[in-house]
Amino acid sequence: MEYDIVIPTTYEQWRHCITQKCRIQLTRIYVLDRMKTLADASSEENRNFRRLYGDTHYESVKQWFRQALAELDRSAN
């Protein structure tokens, strides 16, 4: 399924954007690093993200990284 979404609204759209359009592998290291950045309210990157996309999307992205981590954990077992 092809997504032509600018800002994803579902996990599947987000995952497609990350892995297919941006060609970023959702490795454990990458996911944990992004989760750490998103959890740091004082980081400039975090503040910019929230300013640009809003708190609702910010919370969705945090959840999508948690979901990606859970998938990685399941596939490792």
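Structure values in brief
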read-out: Region 41-61 residues that are free of Cβ contacts under 8 Å to residues at least 40 places away in the same chain, paired with ones that are basic (K, R) and surrounded by 12 or more Cβ atoms within 10 Å (Cβ to Cβ) (beta carbon under 7 Å, 6 or more apart); value: Y58/R50
read-out: Filtered residues of region 54-77 (kept if hydrophobic (A, V, I, L, M, F, W, C) and either surrounded by 12 or more Cβ atoms within 10 Å (Cβ to Cβ) or closer than 15 Å to M35 by Cα (or both)); value: V61, W64, F65, A68, L69, A70, L72
read-out: One residue from R23, R15 being outside any helix (DSSP H, G or I) and basic (K, R); value: R23
read-out: Residue ID - farthest from W14 (Cα to Cα), chosen from residues in region 31-77 that are assigned to a helix (DSSP H, G or I) and small (G, A, S); value: A76
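No value in this document is a laboratory result; all are computed from the given coordinates. Everything quoted here is computed from the prediction, not taken from an experiment. All Cβ positions, even for glycine, are placed from backbone atoms using ideal geometry, and neighbour counts span all protein chains on display.
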